[in-house]
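The values are calculated or read from the model by the stated rules, or taken from the named source; none is laboratory data. Computed from a predicted model, the values in this text were never measured in an experiment. Here the Cβ positions follow ideal geometry from the backbone for every residue, glycine too, while neighbour counts run over all protein chains shown. Quick note on the areas: whole protein, heavy atoms, side chains included, nothing else; ligands and nucleic acids left out. Shrake-Rupley method; radii C 1.70, N 1.55, O 1.52, S 1.80 Å.
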Amino acid sequence: MTVDEITADNITAADLAVEVRGVHKSFGSLDVLRGVDLLVRKGEVTAILGPSGSGKSTLLRTLNHLEKVDKGTIRIDGELIGYRRRGNKLHELRERDILKQRSRIGFVFQNFNLFPHLTVLENVVEAPVSAQGRDRAEVIAEAHALLERVGVGDKARDYPRQLSGGQQQRVAIARALALRPAVILFDEPTSALDPELVGEVLAVIKQLARDGATLVIVTHEVGFAREVADNAVFMDAGVVVEQGPPAQVIDNPRHERTRAFLSRVL
Ligand code: ADP
Ligand code: MG
């Protein structure tokens with residue numbers, strides 16, 4: 001389905017949490033994103049599947065301007081990311097404004113990326129206070145509640161290294177939630193975990209989905225994607241090959257490249 005077809009399907013800009021249009025990104029002579037279009041409705045879960053090297057992480061990183069696009073535009077919650085439009089020209093935002101935009105986008109990384117020198121609680125409290133200027137006492141209270149919600153309420157005073165991988169990743173999810181983000185981006189959130197810890201992290205993500213959060217999840221957990229995603233996106237070689245309901249893309253793919261990929265991972 002193309003963006004135009006999706007747009008025709010009665011989506012207004014106000015329904016969209018994420019709007020990616022014609023995004024290109026190269027590293028030197030390597031064209032990593034070659035014209036990516038992606039629309040994510042508010043409250044929807046999007047699962048991005050695709051082989052290693054297809055540009056999935058790069059795409060997520062462009063969404064919060066960790067990577068600058070060479071061409072195309074990205075909007076989160078209607079706001080142009082990284083740039084300000086003046087007349088016909090786009091001017092890159094100042095670092096301060098980029099950090100402010102980024103603070104409304106949750107990012108959960110494969111390797112947790114918690115701050116090792118901060119306690120679990122401080123990890124969750126840091127950004128809402130420093131990047132969003134919120135009241136510290138209020139954020140601390142909310143952080144305790146979020147840690148409870150992801151099942152690590154008793155770990156608030158611990159340091160990340162004292163936690164299992166699954167617990168660390170749940171802290172990372174609480175940290176993302178504390179931003180009250182428009183969308184949470186997950187980059188293979190379970191692929192660094194021992195197999196017995198995968199389930200507890202997927203369970204937390206499932207609960208967020210049920211609670212109506214807007215999530216974009218790069219994952220190789222095809223069963224999970226089928227169960228949780230509203231929209232499945234298959235990427236290969238820097239393009240979206242196909243997207244649609246999981247029942248179509250995962251169970252009945254139209255493209256040979258999708259079928260070949262699924263037969264390798266299923
Ligand atoms: P995926 O997440 O789908 O595995 P990535 O987006 O990480 O793919 O990478 C896509 C391609 O871009 C890979 O060939 C990778 O080596 C390359 N790449 C990613 N980031 C950089 C970078 N900062 N500099 C150079 N090449 C990069
Ligand atoms: Mg990746």
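In the structure shown, do any of LYS56/LYS100; LYS25/LYS89; LYS68/LYS155; LYS25/LYS155 have a Cα-Cα gap over 31 Å, and if so which? All intermediate terms of the calculation are to be shown ahead of the outcome.
Numbers: LYS56/LYS100 24 Å; LYS25/LYS89 19 Å; LYS68/LYS155 36 Å; LYS25/LYS155 40 Å.
Too far apart for the 31 Å limit: LYS68/LYS155; LYS25/LYS155.
Calculated FRET efficiency, ASP211 and SER29, Cβ-Cβ r, R0 51 Å, to nearest 0.05?
0.70
Which ³J(HN,Hα) values, rounded to whole Hz and listed in residue order, are derived for region 177-193 from phi using the Karplus coefficients 6.51, -1.76 and 1.60 in 6.51 cos²θ - 1.76 cosθ + 1.60 with θ = phi - 60°, glycine and proline given as x?
5, 4, 6, 6, x, 5, 7, 10, 9, 10, 10, 6, x, 10, 7, 9, 9
Given +1 on the Cβ of Lys and Arg, -1 on the Cβ of Asp and Glu, and no further charges, what dipole in debye does the chain carry about its Cα centre, rounded to the nearest 20? The partial results should precede the final answer.
Working: 35 positive and 36 negative charges, 168 e Å.
Result for the chain is approximately 800 debye, rounded to the nearest 20.
When the helices in the chain are scored as -39500 (n - 2.57) per DSSP H run of 4 or longer and the sum is shared across all residues, what 222 nm value do you end up with, to the nearest 500 deg cm²/dmol? Mind dumping the intermediate values first?
Numbers: 10 runs with 97 residues, N = 266.
One gets -10500 deg cm²/dmol as the mean residue ellipticity at 222 nm.
On average, how much area does the Cα convex hull of region 149-249 cover when viewed from any direction, in nm²? Before the final figure, lay out each step's value.
Values: hull surface 29.3 nm².
Projected over every direction and averaged, the Cα hull of region 149-249 covers 7.3 nm².
With a probe of 1.4 Å, find how much accessible area the chain has per residue, and write the answer as a whole number in Å².
Values: 12470 Å² over 266 residues.
So the chain comes to 47 Å² accessible per residue, rounded to a whole number.
Could you point to the residue in GLY199, LEU262, GLN243 farthest towards the positive end of the chain's charge dipole, with +1 and -1 charges on the Cβ of Lys/Arg and Asp/Glu respectively?
GLN243
How large a share of the accessible area of the chain, in percent, is made up of carbon and sulfur atoms when the probe is 1.4 Å and the other protein chains stay in place? Before the final figure, lay out each step's value.
Numbers: 5890 of 12470 Å².
Taking all protein chains in place, the chain shows 47 percent carbon and sulfur surface.
By how many nm would the segment from LEU80 to ARG61 lengthen if fully extended, with 0.36 nm per residue of separation less the alpha-carbon distance?
Working: separation 19, 0.36 × 19 = 6.84 nm, distance 1.49 nm.
Length gained, LEU80 through ARG61: 5.4 nm.
Work out, step by step, the length gained on full extension between THR12 and ASP194: first 0.36 nm times the residue separation, then minus their alpha carbon distance; give nm to one decimal.
Numbers: separation 182, 0.36 × 182 = 65.52 nm, distance 4.16 nm.
Going from the current span to full extension adds 61.4 nm.
Roughly what would the spin-label model give for SER263 and GLN132, points 7 Å off Cα along C-beta, in nm?
Taking the simple label geometry, SER263 and GLN132 are separated by 4.7 nm.
Quick check: from the Cα gyration tensor, does the chain come out rounded (a/c under 1.5), prolate or oblate? Write out the running numbers ahead of the final one.
On the way: a/c = 1.78, a/b = 1.23, b/c = 1.44.
Oblate, since a/c reaches 1.5 and b/c is not below a/b.
Would you check the accessible area of TYR159, probe 1.4 Å, heavy atoms only, in square angstrom rounded to 10?
TYR159 exposes around 80 Å² with every protein chain in place.
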